[in-house]
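Take a look at the structure below.
The values are calculated or read from the model by the stated rules, or taken from the named source; none is laboratory data. Keep in mind the model is a prediction, meaning the values are calculated, not measured. Every residue, glycine as well, gets a Cβ built from its backbone with ideal geometry; the counts of neighbours run over all protein chains shown. Only protein heavy atoms, including side chains, enter the accessible area calculation; ligands, DNA and RNA are left aside. Shrake-Rupley method; radii C 1.70, N 1.55, O 1.52, S 1.80 Å.
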Amino acid sequence: QRVNAHLLKPIQQEELLDTIYRVMNQSQGEIQPPVARPAERTPPAVPPAPGAALRRVGVAEDNELNAQLLEQLLVRRGHQVRVASNGREALTLAEEGAVDLLLLDVHMPELDGFQVARAIRERERTRGGHLPVIALTARSRPEDRQRCLAAGMDEFLAKPVKAADLWGVIDRVGAAAPSPPGPEHGLLDPPILL
């Protein structure tokens, strides 16, 4: 007995129906890989909203598949992405100033998302600045959202993350945060120097 396909929980109805249709339409001799190809799950490139800032986004996610999906979504939108697979790596990204925005899974090894967020906010109290942090969690109860916000996170997204929700949260959090400085906003202005 071979496996024709598999799905990750929580299962989305559309994904389940698509997989059933695909498996039922396979000819007997045709062998398809059991894992859906990323191109089938990943939506087409979505241009950033007019006036939206392109950002350096940190994705702190210990599930490799989730991390890859988020990275693909963000890159297709024009953002630069750095991935951290545990809480210590996420904290390092934040402390180095390597990202302008952090998508932070709350359940990670070494340091969980709550510990990372608290450490970032404690550091900001002494050094200034503010890194927007968006919590990612499979728990979507109101008290889970409140716990994330109380830990210092700016926003909350329930998994599985939908692209439209991701863009909306990034735009909201990004609008409240200063845009990353581009070359034209540096200390020296090349046109004036010339």
I'd like the residue in the stretch 147-169 that is open to solvent by less than 40 Å² (accessible area, probe 1.4 Å), part of a loop (DSSP other than H, G, I, E, B) and in contact (Cβ under 8 Å) with a residue 40 or more places away in the chain and, out of all such residues, is nearest to Leu102 (Cα to Cα).
Met153
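For every residue, the table says whether it meets (1) of a type in the set (Lys, Arg); (2) buried (at least 18 other Cβ atoms within 10 Å of the Cβ).
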{"residue": "Arg76", "(1), (2)": "yes, no"}
{"residue": "Val81", "(1), (2)": "no, yes"}
{"residue": "Ala98", "(1), (2)": "no, no"}
{"residue": "Glu110", "(1), (2)": "no, no"}
{"residue": "Val116", "(1), (2)": "no, yes"}
{"residue": "Ile120", "(1), (2)": "no, yes"}
{"residue": "Pro132", "(1), (2)": "no, yes"}
{"residue": "Arg145", "(1), (2)": "yes, yes"}
Can you tell me which residues in the stretch 134-143 are open to solvent by 60 Å² or more (accessible area, probe 1.4 Å) and either at positive phi or not aliphatic (A, V, I, L, M) (or both)?
Arg139, Ser140, Arg141, Pro142, Glu143
Within the stretch 140-164, track down each residue that is farther than 18 Å from Ala60 by Cα and among the aliphatic types (A, V, I, L, M).
Ala150, Ala164
Is it the case that the stretch 40-60 has a residue that's in a helix (DSSP H, G or I) and modelled with pLDDT under 90?
yes
